[in-house]
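Here's the structure we're looking at; comments come further down.
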Amino acid sequence: MKFSKLADYFEKLESETKRNELIQILSEVFVNSDANEIDKICYLIQGRVVPFFDSTEIGMAEKTVEQAIALAYVIDREKVAKLAEKTGDQGLAAQKLNSELKHAPGSAAFADAKVKNSDVSVSDVHEVLLKIAQTNGEGSVEKKISQFADILKKVNPAGAKHLVRVPLGLTRLGIGDPTVLDALSTAKVKDKSLRKNLEEAYNKTSDLGFVAKVFWEKGIKAIDQVELQVGKPMRPALAERLPDAEAVVKRMGDSFAVEPKFDGFRCQVHIDGDKIRIFSRNLEDFTNSFPDLVQGSKEEIEAKSVILEGEAIAYNPVTGEFLPFQETTKRRRKYGVAEAAEKMPLKLFCFDLLYLNGKDITKLSYEERRRKLKDIIRDDSVTVMEAIGKIAHSAGDLTTQFEEAITEGLEGVMIKKLDSPYQAGARNFNWIKFKRMIGGELSDTVDCVVLGYIFGTGKRTNFGVGGLLVGVYNDKEDTFESISRIGTGLTDDEWRKVKEMADKNKLDHKSARVNSLITPSVWVEPEIVLEIFADEITRSPLHTAGKKDDEPGYALRFPRLVSFRGSSKRAEDATTVKEIEQMYKAQFKHLKS
Ligand code: ATP
């Protein structure tokens, strides 16, 4: 496919406000793509050239992109900067400059720039972008600029706009991974029936391009055989909630594992001989941030190839005491790594083994996987430890272990079904999280996504934001449904921070993935995740979370901000509507007991 044709599709996708239409347009893109380019198209849809867990970056920021635009369209840099300011972003500026050249074929600039519209294919553009990403060392800035300028000349105006947005991370097509999977299925069989199969393959590899390519080249049978791969992070298995110990026993029967619930951050360790990679809960590559865990994994795990999961906690190297979560998260940094590792070393409490010596072992039972995990961790290890659980047989056992965990300062316990496989990306009752209850209030926070903001009045006019419209995730529909307006509970600094973040994600229309009856002053791309604590979940006709026909939706009572989730959670990792429904029901059980 020609890149300019893809860019024309991007224009349509960008202005679309209905999700079903997004799926139709995208499936048309896929119908018109071949197996050699479909993976690249998937990455470009996400505004990237490689899967998101791959840390390869194009390495061009605003200033260098500006220079490339100036070079391509033979115009002063200052003029590019002014135009970008006027139009809103450099992509729009490039689009305008490109179209002006196109419409003035006699002009000197046109002749000089040798604009050859619409010639290059998606694969050509992708190859150049990858090459730019791999250009390093002396003179690399100039090389990047000239390569980027060269390709900018060979695309149409829409192509210039979308191309410029890739290195700047400004691609805003509003398309989530499940929507891409729905579109892939629609492209092949005209409905969404294969989404589940595609999703399973995606959950095991987190690589949309890879899944699309396998599907295009080898069909659905090959998709069903996709297994975990060392080096590609799997989407983590997640836990359900239950209101009390009796409910757990009812679900789990008379034998289940109870593990301490460590309060650190989740890590996925991939080992292939000497090569070690560590991914976060959010599948970001954090290998370079955790040299102590890399070293520990090298020395203390005895196996050729491994994928294991654990929770990392920082400790005080002098006293040996574990540090609270707020301290531990300071290790998730890109700079000052060595110093932080010395001051706050990590221990990894491993709770699952998914891949061993060339084999995906997720289908084995929890008990078997744990036995293998125990076998590969050295007895004298000091960094990579086994998260030791106990078997419980009754509600009484569970309560005792839970209380012990709380006394030790832990957050609670994780309960695991003994005969369960590991299901990447699934949230089900194979795992149950059991956390401290705080009075009669909700025992858990809710991760909400900012959908828009409302202009402020009074003192807030200074910040330009007086309220936030937030929502939760409907993972079936790949949409965000409103659940609350937040107008209090943020400090002045937090209001400023949220406004700044929201403005980076500003949209001129509602995203096709947002479902809301309330129209905020400004819509934003659903990307910012906030951890919210509320007194209660109530029903409200104003909100769309869980709303069915005439029934009201769910809402948060007295919501207040606990934390900015930052990059630790993507919007699709926010609390789901299904979880909200369960939390709502659990409240009643709690009140009754
Ligand atoms: P979730 O990961 O379910 O979306 P969350 O990120 O808000 O939710 P919690 O609800 O507190 O986290 O609980 C799940 C998390 O607990 C896991 O993702 C993992 O990071 C952590 N955890 C700590 N100890 C364990 C353990 N023994 N087994 C599994 N997970 C554990």
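The values are calculated or read from the model by the stated rules, or taken from the named source; none is laboratory data. Predicted model, so just to flag it, every value in this text is computed and none were measured. Every residue, glycine among them, receives a Cβ derived from its backbone with ideal geometry; neighbour counts consider all protein chains shown. What goes into the accessible areas is simple: the full protein's heavy atoms, side chains included, and nothing from ligands, DNA or RNA. Shrake-Rupley method; radii C 1.70, N 1.55, O 1.52, S 1.80 Å.
Put simply, when 18-31, 59-72 are sorted by average Cβ atoms within 10 angstrom per residue, most first, you get 59-72, 18-31. In the chain, the longest principal axis of the Cα atoms and the axis of helix 77-87 are about 60 degrees apart. For segment 509-571, the gyration tensor built on C-alpha atoms gives an oblate shape. Its axis ratio a/c (a ≥ b ≥ c) is at least 1.5, and a/b is not larger than b/c. Calculated mean residue ellipticity, 222 nm, the chain: -12000 deg cm²/dmol, from DSSP H runs (n ≥ 4) at -39500 (n - 2.57) each, averaged per residue and rounded to 500.
Residues I532, I388 ordered from highest to lowest accessible area at a 1.4 Å probe: I388, I532. The residue list I580, N515, Y422 was ranked by how far each Cα lies along the charge dipole of the chain toward its positive end, using unit charges on Cβ atoms, and N515 comes out on top. Cross-link check: pairs K374/K417; K188/K547; K499/K578; K499/K585; K2/K161; K196/K363 evaluated at a Cα-Cα cut-off of 22 Å; pairs beyond the cut-off: K188/K547; K499/K578; K499/K585. Given in Å, the Rg to one decimal and the Dmax to the nearest whole number for the Cα atoms of segment 182-327 are 19.4, 62. Sorting 355-363, 332-340, 547-555, 288-296 by their mean Cβ neighbour count within 10 Å, with the most densely packed peptide first, gives 288-296, 355-363, 547-555, 332-340. Highest-first packing order for the peptide set 219-228, 575-584 is 575-584, 219-228, based on the mean count of other beta carbon atoms within 10 Å. Placing unit charges on the Cβ atoms of the charged side chains and taking the dipole of the chain about its Cα centre, the candidate lying farthest along the positive direction among V529, G458, P178 is G458.
Can you give me the Cα centroid spacing of segment 155-221 and segment 487-551 in angstrom? Each part's Cα centre sits 26 Å from the other's. Here segment 328-407 is treated as a sphere whose radius is the Kirkwood value from Cα pairs; by Stokes-Einstein at 20 °C and 1.002 mPa s it diffuses with a coefficient of 137 µm²/s. All other residues whose Cβ lies under 14 angstrom from that of S381 are scored, Lys and Arg at +1 and Asp and Glu at -1, for a net of -4. Computed 3J(HN,Hα) for segment 91-101, one whole-Hz value per residue from the Karplus formula 6.51 cos²θ - 1.76 cosθ + 1.60 where θ = phi - 60°, is x, 5, 4, 5, 4, 5, 4, 4, 6, 5, 5, glycine and proline marked x. Among residues other than D285 with Cβ under 10 Å from its Cβ, the summed charge is -1 (Lys and Arg +1, Asp and Glu -1).
Taking a ≥ b ≥ c as the square roots of the eigenvalues of the Cα gyration tensor of segment 203-263, is the shape rounded (a/c under 1.5), prolate (a/b larger than b/c) or oblate?
prolate
For segment 260-276, the Karplus equation 6.51 cos²θ - 1.76 cosθ + 1.60, evaluated at θ = phi - 60°, returns couplings of x, 9, 6, 9, x, 10, 6, 10, 10, 9, 10, 10, 9, x, 7, 7, 10 Hz by residue, with Gly and Pro reported as x. Of all beta bridges that DSSP places with both ends in the chain, some 90 percent have antiparallel geometry. Exceeding 31 Å between C-alpha atoms, which entries from my cross-link table qualify? They are K40/K330; K304/K390; K330/K416; K221/K433. Long pairs (Cα-Cα over 31 Å): K40/K330; K221/K433.
Evaluated at q = 0.07, 0.08, 0.09, 0.12 Å⁻¹, the base-10 log of the normalised Debye intensity for the chain, with identical point scatterers placed on the Cα atoms, takes the values -0.47, -0.62, -0.78, -1.38. Amide H to amide H distances under 5 Å link F256 with A392, where only residues 5 or more positions off or on other chains count and H is placed in the peptide plane. Segment 22-86 and segment 380-404 have Cα centres separated by 49 Å. For segment 543-558, putting each phi into the Karplus relation 6.51 cos²θ - 1.76 cosθ + 1.60 with θ = phi - 60° gives couplings of 10, 9, 4, x, 6, 10, 6, 8, 6, x, x, 9, 9, 9, 9, 6 Hz, in residue order, rounded to whole numbers and with x for Gly and Pro.
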